[in-house]
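A.B. asks: Quick one: the structure is below, questions incoming.
Just so it is clear, none of the values below were taken in a lab; they were calculated from the coordinates. Remember, predicted model here, so these are calculated numbers, not experimental data. All Cβ positions, glycine included, derive from the backbone under ideal geometry; neighbour counts span all protein chains shown.
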């Protein structure tokens, strides 16, 4: 008698979570997403649910579960989509099933399931909350009003988020702070209404941090052949991610002993190898660095170490993106930027070592009101205009002069460990701390002026730099900020080209986030 591998996938999690900038709704949406693949799925399966023997993955918007009978599987296929839509109206959901006859065929079943889920994701799903033409619409989302909450007209999705925020007891907050195993040992009393102002202090800079693990595909290929090992790896990975988040929280708590009445961070996603949080700007980098450090440590010991050895790996690494935005900036676009920064970090890191990808972070301080992709932001703000070589060509009897390297103010990514031609996260922190000393105030102003001139006139910038060198006593810091690191990149045409990267812009941006005083 065959078995049935069932898979479910929740798409558009971020768009569902970030429909508004209200922390209450974001927190409630995060709780709903967390519940779909855990509590709600268990309820749908019913009394026959067996987490140890049948559950393969139940985290981060993904479910994989083995049913022993066709009837059990049919029951979930029929009822789980309705349960999801009732729990989280408007979320995009897909499911698929693959039958397999023997545990030896489990790997092929997983591959076939993923193909079917990809097909299902591409099928159009008709939203259930479209509403009639003349129905009243919620002002924040444009969806039909179904409930009144404290005098506010809410659509079905927002109402579900508010109820989840009230009923779930901030489970995701507690999981990210102390872990699931310690939830019952702490008397956490959060305030009823979360406020975006809780995430700000001396200025309005907040950050959206998105971190994603590296090398998961390689591990799954090796361990996916055996269901028990695959299930154990999924469990251990989720535990490692949660413990790393707990250590990261301890780091920022030690930095500033805040209370539950004014938490400076709001967890959005925590599961699998994914972490997304909204956090006060000056705490984002220490939080992200500690998370990645602990994620590496947690995956390099115990049962996880034994599992990874079968994939010829001794630990997992992670890459991240940090989007620094003003508190009034749409969170959805901030998340998209953080996701693109994470991808840029991964791309650079994989070019160094595809098998053992080094951990690193990219960040960007959003200066523009335009909503742009990171690629457009780089071209608009960070790429320096190439020098006009027409005069050099004329002076060289019309012969082309050697191509000059492209110049960019994007210095990242910043690596956890030393890499040739790059700086570490600790290097960045040291430069910012050094720049903040009173004796370097003039240097700071001078470097800003030099950056402006680099966009306008290279010759004038060179003269300004010479002047700075003669005036400053901290020549080492000046060199770190203004001396380019030359790196070789492969362009879209597949050809290698050189690019000069300057650190000054990143350091000044990060300094501003940590030290700017705009609020009383």
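A.B. asks: Looking at the square roots a ≥ b ≥ c of the eigenvalues of the Cα gyration tensor of the range 386-515, which shape do they give, rounded for a/c under 1.5, prolate if a/b is larger than b/c, or oblate?
C.D. replies: Here the range 386-515 falls in the oblate category.
A.B. asks: On to the next question. Sum -39500 (n - 2.57) across every DSSP H segment of at least 4 residues in the chain, then divide by the residue count to get the 222 nm mean residue ellipticity, nearest 500.
C.D. replies: Result for the chain, helices only: -14000 deg cm²/dmol.
A.B. asks: Still on this structure, please answer the following. In which sequence would 470, 309, 15, 266 go, from the one with the fewest C-beta neighbours within 10 Å to the one with the most?
C.D. replies: Arranged by neighbour count, lowest to highest, 470, 309, 15, 266 become 470, 309, 15, 266.
A.B. asks: Another question about this same structure. Fully extended, how many nm does the chain gain between residue 52 and residue 463 (0.36 nm per residue separation, minus their Cα-Cα distance)?
C.D. replies: Taking 0.36 nm per residue and subtracting the Cα distance, the gain is 141.1 nm.
A.B. asks: What angle do you read, to the nearest 10 degrees and between 0 and 90, between the alpha-carbon axis of helix 331-352 and the longest principal axis of the chain?
C.D. replies: Taking Cα atoms only, the helix is inclined about 70 degrees.
A.B. asks: Taking Cα atoms, how many degrees apart are the long axis of helix 458-471 and the longest axis of the chain, rounded to 10 and kept between 0 and 90?
C.D. replies: That helix lies at roughly 80 degrees to the long axis.
A.B. asks: If you wrap a convex hull around the alpha carbons of the range 158-289, what volume per residue comes out, as a whole number of Å³?
C.D. replies: Hull volume over Cα atoms, normalised by residue count, gives 134 Å³.
A.B. asks: Convex hull volume of the Cα atoms in the range 443-520, per residue, in Å³?
C.D. replies: Enclosed volume per residue, from the Cα hull, is 136 Å³.
A.B. asks: Oh, and also: Angle between the Cα long axis of helix 106-122 and the longest principal axis of the chain, 0 to 90 degrees, nearest 10?
C.D. replies: Around 70 degrees separate the two axes.
A.B. asks: Taking the highest mean first, how do the peptides 40-49, 85-94 order by number of other beta carbon atoms within 10 angstrom per residue?
C.D. replies: Taking the mean over residues of other Cβ atoms within 10 Å, the ranking is 85-94, 40-49.
A.B. asks: Using 7 Å Cα-to-Cβ label points, what is the residue 470/residue 136 separation (nm, one decimal)?
C.D. replies: Roughly 7.3 nm, to one decimal.
A.B. asks: Counting other C-beta atoms within 10 Å, which of 306, 176, 328 has the fewest, and how do the rest follow?
C.D. replies: 328, 306, 176
A.B. asks: How big is D for the chain, in µm² s⁻¹ as a whole number, if Stokes-Einstein is applied with the Kirkwood radius of its Cα pairs at 10 °C and 1.306 mPa s?
C.D. replies: For these conditions, the coefficient is 63 µm²/s.
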